[in-house]
Amino acid sequence: MNVYATSGFYGEAEQLFHAMQKEGCLPDTLTYLALIGSYTKGLKYSEAEQAIISMQKGGIPTSCAHFNLLLSAFAKAGLIQEAERVYGELIAAGLTPDSACNRTLLRGYMDYGHVEEGISFLESIRGSVEPDRFIMSAAVHLYKSVGMELRAEGYLNSMRSLGITFLKNLEIGSKTKTS
């Protein structure tokens, strides 16, 4: 199943998934993780969402990793509203977003130039996340981009005191530029 997932062969993964069920092998959380991964790699977002719903209906515990596959696919595709919706569904499912989910959504905001949303998101998670090189560097870039130099400098000072190196090469709107 994992071979199909990493290659994005969602059709083959789906066939194997159904064959396993037919043989009486009940899917577990890792099986679903691979299936969702194959769907997102194959750009089959609706099917990935249905797999998560199927897990929930079947009483199989979901995790941040399941949601983050879909969140990441939407963010990479620039479908920021969809990514935000999935992030909200993760929370509605009773999960606390982990660092990977927070970085994924913030990366989407950064890559597609959603500065205000990125800042709003940063402020909503501030105090509830561990110091993180990407998140703190993104904060500096976002705050500087809107002229909030003091706030940006505060993050830089925190990074220095924690021994966290600053990511200078992050760009706001890097995926919106044409070559």
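Which one of these is out of contact with any strand residue (DSSP E or B) (no Cβ under 6 Å at 6 or more places or on another chain) and farther than 30 Å from Glu171 by Cα: Ala34, Ala65?
Working: Ala65 fails: farther than 30 Å from Glu171 by Cα.
Step by step, each of Ala34, Ala65 is checked, and only Ala34 is out of contact with any strand residue (DSSP E or B) (no Cβ under 6 Å at 6 or more places or on another chain) and farther than 30 Å from Glu171 by Cα.
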Item to check | Members of the stretch 80-131 that are under 21 Å from Ile60 (Cβ atoms) and either assigned to a loop (DSSP other than H, G, I, E, B) or more than 15 Å from the chain's Cα centre (by Cα) (or both) | outcome: Ala92, Ala93, Gly94, Leu95, Thr96, Pro97, Asp98
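Restricted to the stretch 105-159, and to residues that are β-branched (Val, Ile, Thr) and open to solvent by 30 Å² or more (accessible area, probe 1.4 Å), which residue is nearest to Ile91 (Cα to Cα)?
Val129
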Checklist entry - In the stretch 147-179, what residues are out of contact with any helix residue (DSSP H, G or I) (no Cβ under 6 Å at 6 or more places or on another chain) and closer than 14 Å to Met110 by Cβ? => result Lys168, Asn169, Glu171, Gly173, Thr176, Lys177
Checklist entry - Using beta carbons and a limit of 7 Å, which pairs, at least six apart or on different chains, have the first residue in the stretch 18-35 and farther than 17 Å from Glu47 by Cα and the second one surrounded by 14 or more Cβ atoms within 10 Å (Cβ to Cβ)? => result Met20/Pro27; Gln21/Pro27; Asp28/Ile60
Checklist outcome for this item: Within the stretch 2-41, residues open to solvent by 20 Å² or more (accessible area, probe 1.4 Å), farther than 26 Å from Gly94 by Cβ, outside any helix (DSSP H, G or I) and not charged (D, E, K, R) come out as Phe9, Gly24, Cys25
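If you check Ala73, Ala100, Ala19, which single one turns out to be touching a helix residue (DSSP H, G or I) at 6+ places or on another chain (Cβ under 6 Å) and over 22 Å from Thr176 (Cβ atoms)? Let's see the steps before the verdict.
Details: Ala73 fails: over 22 Å from Thr176 (Cβ atoms); Ala19 fails: touching a helix residue (DSSP H, G or I) at 6+ places or on another chain (Cβ under 6 Å).
None of the others qualify; the one that does is Ala100.
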Next on the checklist: All but one of (1) open to solvent by 40 Å² or more (accessible area, probe 1.4 Å); (2) of a type in the set (Ser, Thr, Tyr); (3) out of contact with any Ser or Thr (no Cβ under 9 Å at 6 or more places or on another chain) hold for Thr165; state the number of the condition that does not hold.
Outcome noted: (3)
Item to check | Qualifying positions in the stretch 42-53 - open to solvent by less than 50 Å² (accessible area, probe 1.4 Å) and closer than 17 Å to Leu16 by Cβ | outcome: Gly42, Ala48, Ala51
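The values are calculated or read from the model by the stated rules, or taken from the named source; none is laboratory data. Being a predicted model, the structure only gives us computed values, none of them experimental. Cβ atoms come from the backbone with ideal geometry, glycine included; neighbour counts cover every protein chain shown. To get the accessible areas, we keep the full protein, side chains included, count just its heavy atoms, and leave off ligands, DNA and RNA. Shrake-Rupley method; radii C 1.70, N 1.55, O 1.52, S 1.80 Å.
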